[in-house]
Ligand code: SF4
Ligand code: SF4
């Protein structure tokens, strides 16, 4: 029933930053309610995670959490061959370098990835990411990571404010010797940006697609993500087969277990809530085999949470091809 390849674990929602299209920074992150490191160690010993090999340590600005390095150490202890993926704004050079050094000590270099969110070229950055001197800080972090021998990936989420820079963004990444990743905006309760994001005209959607062809994105496995985003923006999302929940899980900072980011949406929370790990004293096997979690798998199978516009899931079979996690 379960074959969990990936665990998404936003260690903390704390973020001292400021961005135009994400309002996480405006919330109280309730650090006092976060799951303890002891509980995380129990989670890692669950049978359902026996073959898990990919950990996405998202947030907030999770690298700032004092749990971040202990979490890395525990993953290395129980799942030493894992792939680790951590994202950061790049504003906290000293801490990111500390995290990177630890990551390189614990994992193979090609299994430890740090993403820096820059959302385009410098001019875009200043429109979308509003933290003072953020660009300079992110570039400084990049330089220090490269010195360590770790090549970060720059992330650009495409918005109305930056879509014209897709090609320039990729050129810049080549010049700087970093990797690149392009994602697409989503309106979500998680980012508290509903009704606040500007939508594209049909012509702008065509322009984005042309740029994606020009940079080779449509020849990569990620093309499925654009077709999903486009269907959301055009209001014609098709039904698809979703294996989130049985192949991938998300455990939020407070121990709530969901199949995907959808659990953090008000309209989907009840339908996708599998349980809280604190109520099971870290026993994820028991939680996932309880009625509540099994009902969630059934809801997903019956497509009750569709049409789905979340753009975050990767264990999916779309009408146009398989998701990037399959
Ligand atoms: S996008 Fe990232 S850095 Fe910006 S406010 Fe949201 S969590 Fe913080
Ligand atoms: S269809 Fe969407 S909301 Fe439902 S489980 Fe899959 S990704 Fe989550």
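Geometric descriptor of the chain, per residue, is 124 Å³ (volume of the convex hull of the Cα atoms). For the pair the stretch 11-42 and the stretch 87-165, the centres of their Cα atoms are 19 angstrom apart. Working note: Debye formula, equal point scatterers on the alpha-carbon atoms of the stretch 205-326, no solvent; log10 I(q)/I(0) at q = 0.11, 0.15, 0.19, 0.23 Å⁻¹ is -0.42, -0.71, -0.99, -1.29. With both residues required to sit in the chain, DSSP beta bridges show an antiparallel share near 30%. Here the sum of -39500 (n - 2.57) over DSSP H runs of 4 or more residues, divided by the residues of the chain, equals -10500 deg cm²/dmol at 222 nm, to the nearest 500. The alpha carbon gyration tensor of the stretch 28-70 gives principal lengths a ≥ b ≥ c with a/c of 1.5 or higher and a/b greater than b/c, which makes the shape prolate. Normalised by residue number, the volume inside the convex hull of the Cα atoms of the stretch 143-239 is 134 Å³ per residue. Residues 146, 268, ranked from the fewest to the most other C-beta atoms within 10 Å, line up as 146, 268. Separation of the stretch 218-246 and the stretch 166-182, taken as the distance between their Cα centroids, equals 23 angstrom.
Relative contact order of the chain: 19 percent, from C-alpha pairs under 8 Å at least 6 residues apart in sequence. All C-alpha pair distances within the stretch 64-166, sorted into 10 Å bins from zero, spread as 15, 43, 29, 12, 1 percent across the bins. Taking a ≥ b ≥ c as the square roots of the Cα gyration tensor eigenvalues, with a/c under 1.5 meaning rounded and otherwise prolate when a/b beats b/c, else oblate, which class fits the stretch 119-195? Verdict is prolate for the stretch 119-195.
Going from the residue with the fewest nearby Cβ atoms within 10 Å to the one with the most, 105, 209 rank 105, 209.
Read the figures in this text as sums done on the coordinates, not as results from a lab. Model, not experiment: these values are computed from the prediction. Ideal geometry is used to build each Cβ from the backbone, glycine not excepted, and the neighbour counts take in all protein chains shown.
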